[in-house]
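**Q** Attaching a single structure in structure tokens format; questions to follow.
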């Protein structure tokens with residue numbers, strides 16, 4: 001029974017000791033000491049309105065109710081922190097003497113307000129009061145004991161963030177935070193969770209020690225943040241004064257960083273292939289003391305596409321917008337979403353009937369400023385493919401300029417620039433020179449026109465204004481110049497049609513071979529007009545004139561082909577009309593034009609014959625008059641051509657008549 005007696009005695013002894021210790025805890029003294037230490041450290045008032053009780057279970061320590069921490073003097077939002085309860089667990093050995101070692105500090109039911117005023121000052125920024133004289137316990141002469149906290153817990157809290165600079169207000173609910181730090185020289189660990197707009201957010205922060213962070217020394221640290229489908233991890237060295245970091249960043253999001261919208265950060269709509277479903281980044285990152293961000297050795301994944309490069313980001317650029325400067329490169333890009341797969345690779349701006357009529361949002365042009373150099377291997381645009389792209393893009397206050405340096409596609413090169421301006425409405429200007437392009441794949445994939453084979457040089461000088469793709473095309477002004485080398489016109493045998501006036505010479509399997517084509521177009525109001533088309537071939541020459549309605553995607557053109565039996569001989573000309581939609585134009589001989597030409601020719605012939613007959617009648621009348629005059633003058637008709645002979649005949653006739661009058665004969 002000795003073991004039982006000894007056990008009972010031991011248990012009684014422990015209970016007596018525990019009760020004695022509980023009674024010895026100076027609760028009021030601990031509360032006053034906490035308030036004094038807080039005031040000395042922050043200059044803010046810590047108020048405990050409720051009861052302060054000593055606790056034995058679940059931990060040895062103090063429980064206080066009705067906690068309040070004063071806000072910054074400039075704030076009108078009330079206390080910075082209010083809490084229902086504050087529980088302090090104290091190490092048994094620190095009660096009887098020495099520094100107070102807090103094993104656990106737990107705050108429950110807290111309401112925390114974090115705000116930044118219009119001057120950019122945060123209410124969490126504190127100015128320490130003069131601490132040259134040591135704080136003392138009330139009524140005592142001995143210096144107050146230091147406090148260390150092993151574990152701090154914030155549970156069931158609500159945190160409100162107010163920013164008067166940006167006008168943003170964010171509220172976090174059900175916030176749970178736990179911090180482990182034995183002292184300022186020990187490792188720091190902070191873990192927490194919350195609800196932001198109904199979405200769960202988790203945080204995990206660690207650092208080698210707090211003291212070097214506070215003192216302005218780069219200290220090894222790591223941060224992990226998860227919110228919905230967004231994950232962020234930073235690992236490297238950090239400094240709090242001023243805030244800076246160097247290390248690596250890993251970020252990914254399947255919801256386009258939706259959490260950023262809660263903080264007033266606008267995230268633009270991104271198309272498929274450029275981050276619509278997933279964005280991921282891995283890079284070496286530096287956050288400079290000035291607030292600029294520098295990314296190097298970067299791998300950027302946008303949906304199924306990957307890019308590498310470097311970026312420099314100034315969140316507060318000269319224009320008040322973030323500014324990005326960098327370079328990106330990719331082995332290949334799949335941008336099928338920018339086309340209608342299987343529909344000739346046309347842009348998604350093209351609808352089933354004409355061009356797209358949805359309003360084009362230009363807000364993205366004002367989201368950032370910057371300068372970007374870009375290079376890529378093959379880029380797939382549905383059925384269309386660009387072989388190689390080298391370009392430089394600048395964006396300044398809603399105006400984007402893309403300079404091609406050059407672009408390789410369809411066996412040729414494209415140089416020039418494209419300007420998109422969102423200031424005061426949307427406008428677009430294109431100055432491009434295309435050299436050596438294979439026209440069949442180019443026109444098929446970008447204009448759904450598959451009838452021209454040949455290598456061409458093309459220059460485009462175009463300007464459009466409008467809020468939709470249709471409005472832009474309908475407003476186009478400018479010029480287009482085209483020069484094609486040897487090639488073919490598919491679906492049409494021009495010589496055969498001219499010789500036979502038979503429509504059977506158009507359609508699949510028919511073609512016209514040519515040595516070259518040249519044409520220029522003047523574009524006004526979305527309609528391209530031309531009157532100088534020239535097509536040359538050994539036994540064929542053709543000119544053309546007409547118009548192409550770019551907005552309606554229709555053509556109304558007349559070719560005047562002349563088919564010769566010999567290369568240098570005269571031939572037959574029969575006009576051919578090309579009318580209808582680009583994708584399926586109607587091609588036929590212009591018989592009405594021929595009929596009008598024949599009528600005009602016959603009328604001209606009749607008019608010429610009438611003129612000949614009139615001239616002949618006039619000549620006969622003149623001859624008869626000559627005969628009568630010759631008889632009157634009694635001279636030979638041929639003498640009428642001599643002025644002297646006529647005058648002599650008239651004089652003689654007058655003299656005879658006068659003599660007859662005088663002589664009465």
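**Q** What is region 153-219 by shape, rounded, prolate or oblate, if you read a ≥ b ≥ c off the alpha carbon gyration tensor as root eigenvalues and call it rounded for a/c under 1.5, prolate for a/b larger than b/c, and oblate otherwise? Present the calculation step by step, with values, prior to reporting the outcome.
**A** Numbers: a/c = 2.88, a/b = 1.59, b/c = 1.82.
Cα axes put region 153-219 in the oblate bin.
**Q** Shifting gears a bit: What is the fewest-to-most order of 331, 277 by other Cβ atoms lying within 10 Å of their Cβ? Write out the running numbers ahead of the final one.
**A** Numbers: 331 11, 277 15.
The order, fewest Cβ neighbours first, is 331, 277.
**Q** Rank these for me by crowding, 620, 357, going from fewest to most other beta carbons within 10 Å. Can you show the working numbers first?
**A** Working: 620 10, 357 13.
With the sparsest Cβ surroundings first, the list reads 620, 357.
**Q** Among 166, 530, rank each residue by its count of other Cβ atoms within 10 Å, from fewest to most, as a rough exposure measure. Display every interim value, and only then the final one.
**A** Details: 166 10, 530 18.
The order, fewest Cβ neighbours first, is 166, 530.
Values quoted throughout were computed directly from the atomic coordinates according to the rules given, and no laboratory measurement underlies them. Keep in mind that this is a model prediction, so the values were computed, not measured. Don't worry about glycine lacking a Cβ; one is built from the backbone with ideal geometry, like all the others, and counts go over all protein chains shown.
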